[in-house]
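S.K.: Take this structure, written in structure tokens, and hold onto it; I'll ask about it next.
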Amino acid sequence: MDRFDDRILRELKLNGRLSNVELAERIGLSASATLRRVQELERSDVIQGYRAVFNAKKLGIGFIAYVTIGLSSHSKKSQHSFEDKIKEAEQVTECHNVTGSSEYLLRVETEDLTAYKRFHSGVLGEIPQVYSITTLVVMDTPKDERT
């Protein structure tokens, strides 16, 4: 990794749809050198993929919450069982195993509070390993670098 690789990553983070020629112009290298570097960053798994960013409101998502989950058992089996159930839940857009007073932090997106309540009781409340649920409702997002 050098300054050109850093610049490639910064530019692609801002716009993953840049053409190779445009990317080369922005970082000050030839198109062929830029392409080789991007391909090497992909091969070495520094760049793991490209994705589209959607407008949540236009997709009907009006409620976002971060949810902490405490498990009743801390065994690997319990964790894997919980994770398998969460992977099936379309409302969960992120799941992180964390340190602290809870084992997991989830990002949950639903159309509204009523839909979240159904998810809370009908999905999270039905997972046997779940001991505690704490919901933090997103009121505003002044910064989000994932978009």
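S.K.: Can you work out the FRET efficiency for the pair Ser73 and Ser121, with r the C-beta to C-beta distance and R0 = 25 Å, to the nearest 0.05?
M.R.: 0.70
S.K.: Okay, next question. What is the Cα coordinate range of region 7-140 on the first, second and third principal axes, sorted by size from largest, in whole angstrom?
M.R.: Over region 7-140, Cα extents along the principal axes are 56, 36, 24 Å.
S.K.: Using alpha-carbon pairs under 8 Å, 6+ residues apart, how would you state the relative contact order of region 73-147 in percent?
M.R.: Here the relative contact order equals 26 percent.
S.K.: What relative contact order, as a whole-number percentage, does the chain give when Cα pairs under 8 Å and 6 or more residues apart are counted?
M.R.: Relative contact order of the chain: 25 percent.
S.K.: Next up: Could you calculate the contour length gain from Lys143 to Tyr131, that is, 0.36 nm times the residue separation minus the distance between their Cα atoms, to one decimal place in nm?
M.R.: Residue separation times 0.36 nm, minus the Cα-Cα distance, leaves 1.2 nm.
S.K.: Continuing with the same structure: Using alpha-carbon positions, what is the distance between the centroids of region 67-87 and region 106-143, in Å?
M.R.: That distance is 15 Å.
S.K.: Counting helices only, and only those DSSP H runs with n ≥ 4, report the 222 nm mean residue ellipticity of the chain as the sum of -39,500 (n - 2.57) divided by its residues, in deg cm²/dmol to the nearest 500.
M.R.: -11500 deg cm²/dmol
S.K.: Work out the P(r) tail for region 84-147: percent of alpha carbon pairs separated by more than 13 Å, whole number.
M.R.: Percentage above 13 Å: 69.
S.K.: Note down the net charge around Ser102, summing +1 for each Lys or Arg and -1 for each Asp or Glu among other residues with Cβ under 15 Å from its Cβ.
M.R.: Overall, the nearby charge balance is -2.
S.K.: So if we plug the beta-carbon distance of Asn97 and Ser19 into 1/(1 + (r/R0)^6) with R0 = 22 Å, what FRET efficiency do we get, rounded to 0.05?
M.R.: Computed FRET efficiency for Asn97 and Ser19 comes out at 0.05.
S.K.: Quick one: net charge of Thr93's neighbours, Cβ under 14 Å, K/R +1, D/E -1?
M.R.: Residues close to Thr93 contribute a combined charge of -2.
S.K.: Could you tally up the Lys pairs in the chain with alpha carbons closer than 18 Å? Skip any pair fewer than 8 positions apart unless they're on separate chains.
M.R.: 7
No lab work stands behind these numbers, since they all come straight from the coordinates. What you are looking at is a predicted structure, and each value in this text was computed from that prediction instead of being measured. Note that we place each Cβ from the backbone using ideal geometry, even for glycine, and neighbour counts take in every protein chain shown.
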